[in-house]
Amino acid sequence: MVVDDHPMWREGVARDLAEAGFLVVATSGEGRQAIRVAAAVRPDVVVLDLQLPDISGVEVVVGLRAVLPDVRVLMLSASGEEQSVLDAVKAGATGYLVKSTAPGEFLDAVRRTAAGAPVFTPGLAGLVLGEYRRLAAGSDAGTAADGEPGTPRLTGRETEVLRLVAKGMSYKQIAERLGLSHRTVQNHVQNTLGKLHLHNRVELTRYAIERGLDD
């Protein structure tokens, strides 16, 4: 689903996605309408502009996650300001790209977003990671040791995969690094998600960063 208040841009993005093999189930130019439509058509990925005429893109992210907890939201905005990026990610956005991103990079970002990978315009990933480290430094959760009572115990391989996920590596890259099959890496991630009671790779990445596993 594509949400942007500029008709030519919105339809252009939808056309590019369709030509690349994606099924575009809906488009919208307003935030509140987008939330209502998304609840009906249930998209896997929403490409969302930050600035909308009725409510902000951040508010739309919150609304989308309320009706579709597993939806993946890729922000596509003209703004690359730090606070805009952090607000969007904290609200639940999976990734954030600026509109100057090349078409090929955008399409690849949508594919990665659909797979659950956090995707950011170069330079913004470090900003987000730094913010999570800052938050973790002041959080009791960030200091929990793996051996504490009630803390899920991961296998050595699961921890290894988790570290690479936290570094932003794709399943394919992790598989090549560790000499495993793509399916095996997916299984390790799914097992880890189950043990930690998390829902997707974005939450898993946050968990790993809070515990300093991305170093």
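The values are calculated or read from the model by the stated rules, or taken from the named source; none is laboratory data. Given the structure is predicted, the values throughout are model-derived calculations rather than measurements. Backbone-built Cβ (ideal geometry, glycine too); neighbour counts: all protein chains shown. Heavy atoms of the whole protein, side chains included, go into the accessibility calculation; ligands, DNA and RNA do not. Shrake-Rupley method; radii C 1.70, N 1.55, O 1.52, S 1.80 Å.
Count, please, the residues in the stretch 3-25 that happen to be open to solvent by 60 Å² or more (accessible area, probe 1.4 Å) and in contact with a strand residue (DSSP E or B) (Cβ under 6 Å, 6 or more places away or on another chain).
From the stretch 3-25, those open to solvent by 60 Å² or more (accessible area, probe 1.4 Å) are 6-9, 11, 15-16, 19, 21, 23, 25; that's our starting set.
Next, only the ones that are in contact with a strand residue (DSSP E or B) (Cβ under 6 Å, 6 or more places away or on another chain) stay: none.
Number satisfying all stated conditions: 0.
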- Message: Could you go through the stretch 32-51 and let me know if any residue there is at pLDDT below 90 and within 27 Å of A208 (Cβ to Cβ).
- Response: yes
- The listed residue being in a helix (DSSP H, G or I) and on the phi < 0 side of the Ramachandran plot, out of A93, A117, A18: A18
- Name the pairs whose Cβ atoms lie under 7 Å apart, with the first residue in the stretch 196-209 and within 9 Å of A166 (Cβ to Cβ), the second basic (K, R) and open to solvent by 20 Å² or more (accessible area, probe 1.4 Å), and 6 or more positions between them or separate chains? A208/R163; I209/R133
- Among (1) open to solvent by 80 Å² or more (accessible area, probe 1.4 Å); (2) on the phi < 0 side of the Ramachandran plot, where does R42 come up short? (2)
- Task: Considering only the stretch 20-39, state which residues are within 17 Å of S56 (Cα to Cα) and not small (G, A, S).
- Result: T27, E30, R32, Q33, I35, R36, V37
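Every residue, every condition in (1) modelled with pLDDT of 80 or more; (2) among the acidic types (D, E); (3) farther than 19 Å from A91 by Cα; (4) not in a loop (DSSP other than H, G, I, E, B), yes or no:
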position	(1), (2), (3), (4)
R133	no, no, no, yes
A136	no, no, no, yes
A145	no, no, yes, no
G150	no, no, yes, no
L180	yes, no, yes, no
V189	yes, no, yes, yes
L198	no, no, no, no
A208	no, no, no, yes
